[in-house]
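The values are calculated or read from the model by the stated rules, or taken from the named source; none is laboratory data. All values reported here derive from a predicted model rather than from experimental measurement. Cβ placement follows ideal geometry from the backbone for every residue including glycine, while neighbour counts extend to all protein chains displayed.
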Amino acid sequence: MAKRTDASPSLLYTLLILIGVCGGLAIGSWRNLCSDCPSVAQIRTFESEQTSKLFSHDGQLLVEIGIERRTPVSLTTLPEHVHQAFIAVEDKRFYGHNGIDPLGLTRAVLGVLTGRNRGGGSTITQQLARNMFEDQIGFEKRIIRKLKELQVAFDLENSYTKDEILEAYINEINYGHGWWGIQTASRNYYGKNASELDVAEAALLASIPNRPAFYSPFVNPENAKRRRNLVLSRMVQEEFITETEAAAYSQVPIPTQRAISSNTTAPYFEEWVRQILDDRFGSKLYTSGLRIFTTLDVGMQEAAELSMKEGWDRIEARPGFEHTKFTDYQQSMASENAQVDSMKYVQGLLVALDPWTGGVRAMIGGRDFQYSKFNRATQALRQAGSGFKPFVYTAAIASRIPPNFVIVDAPYITLQVDGTEWRPSNFSESFDGPMTIRTGLQKSQNIIAIKLAQEVGLESVAQTARRMGIRSEIERFESTAIGASEVIPLEMAEAYSSFGNEGTKVRPFPILKVEDSQGRIIWDPRPERTQVLDPLVARIMVSMLQNVVTAGTGATAIRIVAGLPAEVAAAGKTGTTNDATDVWFNGFTPNLLATVWFGMDIPEEIRPLATGGGDAAPVWGIFMRRVYYGDPNAEGSSFESPLLPIPEPWPVPQGLSTRLIDRTTGKLASPWCPQTNQITELFLPGTEPTDYCEVEDARRFRIPGRD
């Protein structure tokens with residue numbers, strides 16, 4: 001007995017040493033295991049990824065940009081039954097443990113060791129740890145992952161209150177279909193804010209994160225309903241609701257389709273904005289919850305969409321249209337044997353902007369973003385056609401060639417660089433003899449534009465276009481005068497802005513300001529305004545371009561077909577290229593500018609006799625009519641009522657002189673020129689005519705009203 005007694009201290013000592021060694025080894029192993037676990041400092045500074053949001057100019061949400069679409073909400077804004085639903089199904093002892101539930105953990109460990117599923121053992125805190133630090137912890141079902149998860153859960157409990165942990169959890173987890181956080185889930189499943197969820201809705205949302213795909217009400221409605229009812233049953237067990245209430249809520253239908261439309265308002269515009277922001281902010285755009293306020297007007301965008309659709313339909317219904325119709329293309333793409341090279345349907349674009357600020361109000365970059373994400377408004381290079389002629393006339397007016405300058409419209413032949421002859425003609429294939437350049441622009445006579453470009457110089461024409469906003473390459477050939485050079489449509493809109501803006505060019509831009517997630521402004525881009533024309537020159541050009549709309553190639557389409565009343569002052573230019581491959585209308589009012597284009601992606605004839613006046617100008621006019629007068633037939637749309645007030649016409653600035661002249665001869669009016677042929681012309685000081693219309697002029701010019 002004495003020996004046994006003597007040995008007892010020795011044995012105890014040995015056991016203590018062994019326990020100490022094992023404990024030390026365990027602690028060392030634990031520290032080594034968690035060497036890459038996030039620190040408490042990382043936990044305290046963790047921020048969830050948040051999508052950035054694009055808003056229209058009046059604050060309407062357009063689209064969210066990001067990998068995990070998430071909008072955090074405060075726990076205090078949520079009904080109590082939302083908290084209770086998650087606690088009941090995920091962690092009923094949440095408020096009683098320190099991050100680890102011993103019973104649940106034991107059940108989970110046994111499941112891992114035996115290969116049997118004994119139910120989830122992770123607390124809400126553990127799940128949050130795993131979601132917050134996925135890279136460090138991982139998601140594989142291994143003991144090592146579980147131990148790491150426990151360590152981070154301990155640290156979370158020591159760093160945050162229970163309510164803070166629950167709030168982070170509800171905002172952090174995945175609810176399926178790319179929707180993260182309860183606010184985004186609530187908006188997409190139920191079309192309401194999370195603060196408005198009832199018990200049945202809260203129970204469904206609490207049921208999804210366990211297995212988002214398996215319990216998706218859209219993909220597996222029966223699974224979703226069973227899981228939702230299980231949550232209701234658990235809420236009864238925890239005495240959050242009564243059995244009677246649970247029975248009633250279990251009969252509520254579950255959603256089977258998305259509550260809010262997945263179609264974006266202006267996909268081409270939104271993608272353009274995304275590219276600009278990506279260049280400036282990089283990955284921050286997709287994770288930091290930026291708030292981007294854009295220049296887009298939702299009403300104008302919708303009016304543009306409908307106007308363009310009607311335009312496409314009209315073109316496809318025209319005699320001689322032989323390309324694939326868009327509806328046929330859609331049907332072919334839905335078939336199993338769809339061919340990519342069958343995408344030969346007519347394309348188009350419309351871009352509208354504020355001519356004073358450059359803010360883009362509407363943008364359509366193609367027929368359908370789903371089939372082609374190429375933005376023709378900002379990326380396509382297309383021949384400008386007659387839409388380029390105003391730059392020729394601007395160069396002429398700026399060089400003090402007045403609007404009454406007369407050029408003879410007659411057959412024209414010139415030798416090209418390769419020695420061949422070039423014989424340009426007018427669209428009508430006829431020649432009208434001498435006419436003023438005002439009339440030449442109004443009628444869009446090619447010969448007049450070519451001869452005027454020679455008069456002022458091709459270099460002067462190219463430099464004028466460049467100053468006004470055409471950054472694409474401009475060739476110094478005679479054909480450039482009638483639009484042979486290729487331009488980007490948005491450049492055309494920019495260049496035309498200087499006409500109605502008193503000679504000031506404005507760079508089109510889509511962004512008003514960018515705020516961080518806390519509402520602090522981090523980017524406040526300013527409009528780029530550059531004076532490129534003498535205001536007097538710009539006002540004369542406005543007057544000449546008004547003639548196109550009142551009596552020229554765009555008059556019938558805009559005032560009659562489109563029905564835009566004459567009280568809306570408008571100016572612009574049609575554009576048609578050789579072989580009818582491109583048709584344009586570039587036009588503006590005192591407070592809105594728009595460019596419309598139609599064509600095939602691979603240039604070829606749209607249809608026989610396609611023209612800017614017949615195909616593009618009507619769309620421009622209808623769009624403007626909807627902007628200024630609304631559309632009673634579009635009930636419920638955002639353009640049912642007028643979007644802009646009817647503007648005052650452009651004033652005639654001081655400094656311009658006026659003369660009463662004969663519109664045909666360009667000379668000062670006299671009794672030999674009928675009053676019906678007289679107009680008040682605008683002149684730069686010193687360029688006014690001095691000769692009066694005489695009897696010989698009446699015969700030579702074939703003045704209307706004189707035999």
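What number of residues in the stretch 312-326 are at pLDDT 95 or above and of a type in the set (Gly, Ala, Ser)?
Residues in the stretch 312-326 being at pLDDT 95 or above and of a type in the set (Gly, Ala, Ser): 1 in total.
Name the residue that is modelled with the lowest pLDDT, counting only residues in the stretch 364-387 that are crowded, with 18+ Cβ neighbours inside 10 Å and hydrophobic (A, V, I, L, M, F, W, C).
The initial filter retains those residues of the stretch 364-387 that are crowded, with 18+ Cβ neighbours inside 10 Å, namely 364-367, 369, 375-378, 380, 382-387.
Imposing the further condition that a residue be hydrophobic (A, V, I, L, M, F, W, C) reduces the set to 364, 369, 377, 380, 384.
On the way: 364: 98, 369: 92, 377: 98, 380: 97, 384: 97.
This residue is 369.
Can you tell me which residue within the stretch 143-202, out of those that are within 27 Å of the chain's Cα centre (by Cα) and basic (Lys, Arg), is farthest from residue 63 (Cα to Cα)?
192
State all residues of the stretch 520-547 that are in contact with a helix residue (DSSP H, G or I) (Cβ under 6 Å, 6 or more places away or on another chain) and assigned to a helix (DSSP H, G or I); if no residue qualifies, say none.
Residues of the stretch 520-547 in contact with a helix residue (DSSP H, G or I) (Cβ under 6 Å, 6 or more places away or on another chain): 532-533, 537-538, 540-542, 544, 547.
537, 538, 540, 541, 542, 544, 547, listed by residue number.
Which numbered condition in (1) surrounded by 15 or more Cβ atoms within 10 Å (Cβ to Cβ); (2) closer than 28 Å to residue 58 by Cβ is the only one that residue 254 fails?
(2)
Filter the stretch 228-251 down to the residues that are polar (S, T, N, Q) and in a loop (DSSP other than H, G, I, E, B), then identify the one that is surrounded by the most Cβ atoms within 10 Å (Cβ to Cβ). Before the answer, list the steps.
From the stretch 228-251, those polar (S, T, N, Q) are 229, 233, 237, 242, 244, 250-251; that's our starting set.
Add one more test, that the residue is in a loop (DSSP other than H, G, I, E, B), and what stays is 242, 250-251.
Numbers: 242: 11, 250: 17, 251: 8.
Across the stretch 228-251, the extreme among qualifying residues is 250.
Determine which member of the set 348, 366 is farther than 28 Å from residue 502 by Cα, in contact with a helix residue (DSSP H, G or I) (Cβ under 9 Å, 6 or more places away or on another chain) and in a strand (DSSP E or B). Walk me through how you get there before you give the answer.
On the way: 366 fails: in a strand (DSSP E or B).
Going through 348, 366 in turn, just one is farther than 28 Å from residue 502 by Cα, in contact with a helix residue (DSSP H, G or I) (Cβ under 9 Å, 6 or more places away or on another chain) and in a strand (DSSP E or B): 348.
Just give me the residues in the stretch 506-519 being exposed (fewer than 15 other Cβ atoms within 10 Å of the Cβ) and not in a loop (DSSP other than H, G, I, E, B), in sequence order.
Of everything in the stretch 506-519, just one residue is exposed (fewer than 15 other Cβ atoms within 10 Å of the Cβ) and not in a loop (DSSP other than H, G, I, E, B), namely 513.
For the stretch 177-208, what are the residues that are assigned to a loop (DSSP other than H, G, I, E, B) and buried (at least 22 other Cβ atoms within 10 Å of the Cβ)?
Initial filter on the stretch 177-208 (assigned to a loop (DSSP other than H, G, I, E, B)): 177-178, 181, 191-193, 197-198, 208.
If the condition is that a residue be assigned to a loop (DSSP other than H, G, I, E, B) and buried (at least 22 other Cβ atoms within 10 Å of the Cβ), then 181, 197, 208 are the ones that fit.
Hey, residue 236 hits all of (1) closer than 20 Å to residue 88 by Cα; (2) in contact (Cβ under 8 Å) with a residue 40 or more places away in the chain; (3) of a type outside the set (S, T, N, Q) but one; which does it fall short on?
(2)
Applying the selection to the stretch 465-487, what residues are out of contact with any Asp or Glu (no Cβ under 8 Å at 6 or more places or on another chain) and either surrounded by fewer than 20 Cβ atoms within 10 Å (Cβ to Cβ) or not in a loop (DSSP other than H, G, I, E, B) (or both)?
Let us first name the residues in the stretch 465-487 that are out of contact with any Asp or Glu (no Cβ under 8 Å at 6 or more places or on another chain), namely 465-467, 474-475, 477-483, 487.
Of everything in the stretch 465-487, those that are out of contact with any Asp or Glu (no Cβ under 8 Å at 6 or more places or on another chain) and either surrounded by fewer than 20 Cβ atoms within 10 Å (Cβ to Cβ) or not in a loop (DSSP other than H, G, I, E, B) (or both) turn out to be 465, 466, 467, 475, 477, 478, 479, 480, 481, 482, 487.
Give the residue, chosen from 417, 392, 346, that is within 30 Å of residue 539 (Cβ to Cβ) and aliphatic (A, V, I, L, M).
Result: 392 is the single residue among 417, 392, 346 that is within 30 Å of residue 539 (Cβ to Cβ) and aliphatic (A, V, I, L, M).
Under 6 Å by Cβ, and 6 or more places apart or on different chains, what pairs join a residue from the stretch 400-417 that is surrounded by 12 or more Cβ atoms within 10 Å (Cβ to Cβ) with one that is in a strand (DSSP E or B) and of a type in the set (D, E, K, R)?
As it stands, the answer is 403/681; 404/681, since those pairs meet every condition given.
Could you pull out the residue among 332, 386 that is outside the structural domain of residue 480 (by TED's automatic domain parsing) and not in a loop (DSSP other than H, G, I, E, B)? Reasoning before the result, please.
On the way: 386 fails: outside the structural domain of residue 480 (by TED's automatic domain parsing).
Of 332, 386, the one residue that is outside the structural domain of residue 480 (by TED's automatic domain parsing) and not in a loop (DSSP other than H, G, I, E, B) is 332.
With respect to residue 279, is the statement that it is out of contact with any helix residue (DSSP H, G or I) (no Cβ under 6 Å at 6 or more places or on another chain) and surrounded by fewer than 17 Cβ atoms within 10 Å (Cβ to Cβ) true? Break it down stepwise before answering.
On the way: out of contact with any helix residue (DSSP H, G or I) (no Cβ under 6 Å at 6 or more places or on another chain): yes; surrounded by fewer than 17 Cβ atoms within 10 Å (Cβ to Cβ): yes.
Here the answer is yes, as residue 279 does meet what is asked.
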